[in-house]
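> The structure is given below, and queries will be raised subsequently.
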Amino acid sequence: MEEQVKSNIEVIRKIANTVQEYNRDGLLPFSLPLPPSDSSDMNYFKGIESPKLIHWISNDKEDINYPCGCADYQSRLQVVNDVTDKSCRDQSMDSYSVLATYETGNNVSDRRFRLETFAMFGIEEGASTDGEHTFVQLDMRDILDPQYFMPYVPAYAITGGKLAMFKVTSNSVGKRANQEDVDQVQLAYDNMISVLSKLDATFDNVVMLWNRVKDLDKNERSVLMTRSKIMGWDRPLAESVLEINGVNDTIQGIDERTGEQLYIELIVVAQLPS
């Protein structure tokens, strides 16, 4: 478990490092001051020392084939709290803060892992140009192989405009009695588009998606494949798939078309047009 925390924080710092890499290549929608040539940290920007973190920790039972060394959520939480502090300081992110820590079930597609971590950086010296609002996909160039398409990206650099955050399910925009044969996931996406249209936005404005899922073993394929395979939306997002923990968390509601429990909730972040 300790190594999972350490690895996540190292990757977060790697993602942050790409900001200056893109800046040096003129690929950001704003310009940052470059570190002095004699600087010990050529990837520094003001704000890199203070990421805002969210941890999702699985309460799934210990796997004999892939043990993490902690048997339950509480023991994993203690390790995450302890190791996050040391790892952030080791990565020169001393002013980090943990916004929240959530208990999940299986929180990633690869069941060997018990932790997923989200990070947000305020790039304090960046300035948008002429009020332009846009976002730029950031990839970790040292490990990205362009021959492989991945349905997600490590991060986006966002500037200008406003961000809208909302959640939707298959019930969010009312009953769809004429769509009994449509999967809950597809209908949730349809409802997401309806909300976005009321904000004068489209799927192209979405930058982040958290998929909250009930019974991931049963529903994982639908959650992971519907957007690209069924709907033809192959633009990658910064994205997580998180199973509700089955203890004190649930997705509220019944599918109005089938009478079955809802199993998917989308938490969406989109940049709104000016």
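The values are calculated or read from the model by the stated rules, or taken from the named source; none is laboratory data. It should be emphasised that the depicted structure is a prediction, and the values quoted were computed from it without experimental measurement. Cβ coordinates were reconstructed from backbone atoms using ideal geometry, including for glycine residues, and neighbour counts include every protein chain displayed. Side chains are part of the model used for accessible areas, which takes the heavy atoms of the whole protein and leaves out ligands, DNA and RNA. Shrake-Rupley method; radii C 1.70, N 1.55, O 1.52, S 1.80 Å.
> Given the criterion open to solvent by less than 10 Å² (accessible area, probe 1.4 Å) and either β-branched (Val, Ile, Thr) or not in a strand (DSSP E or B) (or both), identify the matching residue among Leu209, Leu187, Leu224. Walk me through it before giving the result.
Details: Leu209 fails: either β-branched (Val, Ile, Thr) or not in a strand (DSSP E or B) (or both); Leu224 fails: open to solvent by less than 10 Å² (accessible area, probe 1.4 Å).
Only one candidate qualifies: Leu187.
> Give me the pairs, please: first residue somewhere in segment 127-141 and at pLDDT below 80, second residue anywhere and open to solvent by 70 Å² or more (accessible area, probe 1.4 Å), beta-carbon distance under 6 Å, and either six or more positions apart or on two chains.
Between residues of segment 127-141 that are at pLDDT below 80 and residues that are open to solvent by 70 Å² or more (accessible area, probe 1.4 Å), the close pairs are His133/Ser274.
> Identify, please: which residue in segment 1-30 is touching a Gly at 6+ places or on another chain (Cβ under 8 Å) and surrounded by fewer than 20 Cβ atoms within 10 Å (Cβ to Cβ) and is, among those, nearest to Ser97 (Cα to Cα)? Break it down into steps so the answer makes sense when it comes.
Here is the first cut: in segment 1-30, the residues touching a Gly at 6+ places or on another chain (Cβ under 8 Å) are 1-2, 28-30.
Filter once more, keeping what is surrounded by fewer than 20 Cβ atoms within 10 Å (Cβ to Cβ): 2, 29-30.
Details: Glu2: 19, Pro29: 27, Phe30: 25 Å.
Per the stated criteria, the residue is Glu2.
> Output the residues belonging to segment 50-66 that are surrounded by 18 or more Cβ atoms within 10 Å (Cβ to Cβ) and part of a loop (DSSP other than H, G, I, E, B). Break it down into steps so the answer makes sense when it comes.
Step one: of segment 50-66, the residues surrounded by 18 or more Cβ atoms within 10 Å (Cβ to Cβ) are 51, 53, 55-60.
Answer for segment 50-66, where residues must be surrounded by 18 or more Cβ atoms within 10 Å (Cβ to Cβ) and part of a loop (DSSP other than H, G, I, E, B): Pro51, Asn59, Asp60.
> Turning to a different aspect of this structure: Determine whether Ser228 is touching a strand residue (DSSP E or B) at 6+ places or on another chain (Cβ under 8 Å) and touching a residue at least 40 places away in the same chain (Cβ under 8 Å). Walk me through how you get there before you give the answer.
Details: touching a strand residue (DSSP E or B) at 6+ places or on another chain (Cβ under 8 Å): no; touching a residue at least 40 places away in the same chain (Cβ under 8 Å): yes.
Judged against the criteria, Ser228 is not a match.
> Do we find that Arg257 is over 24 Å from Ile57 (Cα atoms), in a loop (DSSP other than H, G, I, E, B), over 22 Å from the mean Cα position of the chain (by Cα) and modelled with pLDDT under 95 in this structure?
Working: over 24 Å from Ile57 (Cα atoms): yes; in a loop (DSSP other than H, G, I, E, B): yes; over 22 Å from the mean Cα position of the chain (by Cα): yes; modelled with pLDDT under 95: yes.
Yes.
> Would you please name the residue that is modelled with the highest pLDDT, looking only at residues in segment 162-184 that are buried (at least 16 other Cβ atoms within 10 Å of the Cβ) and small (Gly, Ala, Ser)?
Looking at residues that are buried (at least 16 other Cβ atoms within 10 Å of the Cβ) and small (Gly, Ala, Ser), I get Ala164.
> Mind listing whichever residues of segment 236-257 are surrounded by fewer than 20 Cβ atoms within 10 Å (Cβ to Cβ) and of a type in the set (D, E, K, R)?
Scanning segment 236-257 gives Glu239, Asp249, Asp255, Glu256, Arg257.
> Next question. Of all residues in segment 22-44, how many are farther than 18 Å from Glu124 by Cβ and either in contact with a helix residue (DSSP H, G or I) (Cβ under 6 Å, 6 or more places away or on another chain) or assigned to a helix (DSSP H, G or I) (or both)?
Going through segment 22-44 one residue at a time, the tally reaches 1.
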